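The values are calculated or read from the model by the stated rules, or taken from the named source; none is laboratory data. It should be emphasised that the depicted structure is a prediction, and the values quoted were computed from it without experimental measurement. With ideal geometry, Cβ positions are generated from the backbone for all residues, glycine too; neighbour counts draw on all protein chains shown.
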Amino acid sequence: MDKPAEYYSVRMRTTLEGKHISGQERIVKKEDLPKVILELHQRPKREWDFQTIKVEKLKEPPKIIEKSLPIKDYKFSCIPLVKNFIVGILESELGIKREIVKPLLEKLYKGINPQGGNLPGALLVDYKSGEILAEGIRTILFDWVDRERIEKHLLEKGYTERTLDALALATKNALCGVVAEICISDDPDYTVGYISSPRLGYIRISPIKDKNLPFGGRIYFVERKSLEKIIHCLRKKPILIKEAQI
Ligand code: AMP
């Protein structure tokens, strides 16, 4: 009998003077490692002075997920409307009170790190009480079964490579039990963001912020009693997604 395929996680992060420039992760079979390591090394388009590429053999094979969250596209004429939309939909559809969402959303626009600036990972918040349960948690170990095909399909539909990565990340979050997520990029040139949840799908919002704003971040609303399980899933459970639901 053939040996089951061995999978590896490859994660790249690149910075300039300590500031994030580029990051991406892949899950690949052993034979694809050299190609993917080179691809990730060459990925940052801007100047950088520090890069790490971590390669880790997975202890368990990735779980295959049939479909991503469905993508929906919402366009807005100004940021106050976006804020109303996010606060409104999270309250009416998911029961997350506006008194909880509003101040957190404002923080995302001003730098959510209590020490100032952005956080290197997500802020985990109890969706019922608004209590901050953990900060700087990163979702890792997610990718597409056939990344090239899905990327081509998304690009044809007018989406970007960022959508490819963010959709996979949001899909993993939903699977791990995150009730809802808000994401605003901290890239000053990138003004598209999203909210997502198993019930709402992946709602792409453009623009979610004004150009040149160097702040952003991710908030994961979770149920307090599931916190440990969710963090374990986000960090340890590898998944590969077959299809993007467009
Ligand atoms: P980006 O979309 O890459 O601009 O990231 C926006 C924000 O999301 C960053 O400032 C981080 O706070 C957070 N973030 C980035 N990558 C991850 C990740 N893998 N897991 C959780 N949060 C992340």
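Just give me the residues in the stretch 113-129 being under 26 Å from Tyr74 (Cα atoms) and either at pLDDT 95 or above or more than 8 Å from the ligand (Cβ to nearest atom) (or both), in sequence order.
Selection gives Ala122, Leu123, Leu124, Val125, Tyr127.
Which one of these is farther than 27 Å from Ile140 by Cβ, aliphatic (A, V, I, L, M) and without any contact (Cβ under 8 Å) to a residue 40 or more places away in the chain: Leu81, Leu38?
Leu81
Within the stretch 145-168, count every residue that is in contact (Cβ under 8 Å) with a residue 24 or more places away in the chain, out of contact with any Lys or Arg (no Cβ under 8 Å at 6 or more places or on another chain) and in a helix (DSSP H, G or I).
8
One residue is enough: does the stretch 59-76 have a residue meeting the conditions exposed (fewer than 14 other Cβ atoms within 10 Å of the Cβ), among the β-branched types (Val, Ile, Thr) and modelled with pLDDT of 95 or more?
Yes, the stretch 59-76 contains at least one residue that is exposed (fewer than 14 other Cβ atoms within 10 Å of the Cβ), among the β-branched types (Val, Ile, Thr) and modelled with pLDDT of 95 or more.
Considering only residues of the stretch 11-24 that are assigned to a strand (DSSP E or B) and either farther than 14 Å from Leu40 by Cβ or assigned by TED's automatic domain parsing to the domain that holds Ala166 (or both), which is nearest to the ligand (Cβ to nearest atom)?
Out of the qualifying residues, it is His20.
Identify all residues within the stretch 198-210 that are part of a loop (DSSP other than H, G, I, E, B) and either away from the ligand (no atom under 13 Å from the Cβ) or charged (D, E, K, R) (or both); write none if there are none.
Listed by number, the residues that qualify are Pro198, Arg199, Leu200, Pro207, Lys209, Asp210.
Pick from the stretch 49-68 the residues that are without any contact (Cβ under 8 Å) to a residue 40 or more places away in the chain and not in a loop (DSSP other than H, G, I, E, B): which of them is farthest from Ala170 (Cα to Cα)?
Phe50
Here's the yes/no breakdown for (1) in contact with a Phe, Trp or Tyr (Cβ under 7 Å, 6 or more places away or on another chain); (2) modelled with pLDDT under 95; (3) closer than 18 Å to Leu108 by Cα; (4) away from the ligand (no atom under 12 Å from the Cβ):
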| site | (1), (2), (3), (4) |
| --- | --- |
| Ala180 | yes, no, yes, yes |
| Ile195 | no, no, yes, yes |
| Asn212 | no, yes, yes, yes |
| Gly216 | no, yes, yes, no |
| Tyr220 | no, no, yes, no |
| Leu240 | yes, no, no, yes |
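Is it the case, given these coordinates, that Asn118 is surrounded by 15 or more Cβ atoms within 10 Å (Cβ to Cβ) and either within 21 Å of Leu169 (Cα to Cα) or among the polar types (S, T, N, Q) (or both)?
Criteria met by Asn118.
Looking at the structure I just gave you, is Ile71 in a strand (DSSP E or B), away from the ligand (no atom under 15 Å from the Cβ), touching a Leu at 6+ places or on another chain (Cβ under 6 Å) and hydrophobic (A, V, I, L, M, F, W, C)?
The answer is no for Ile71.
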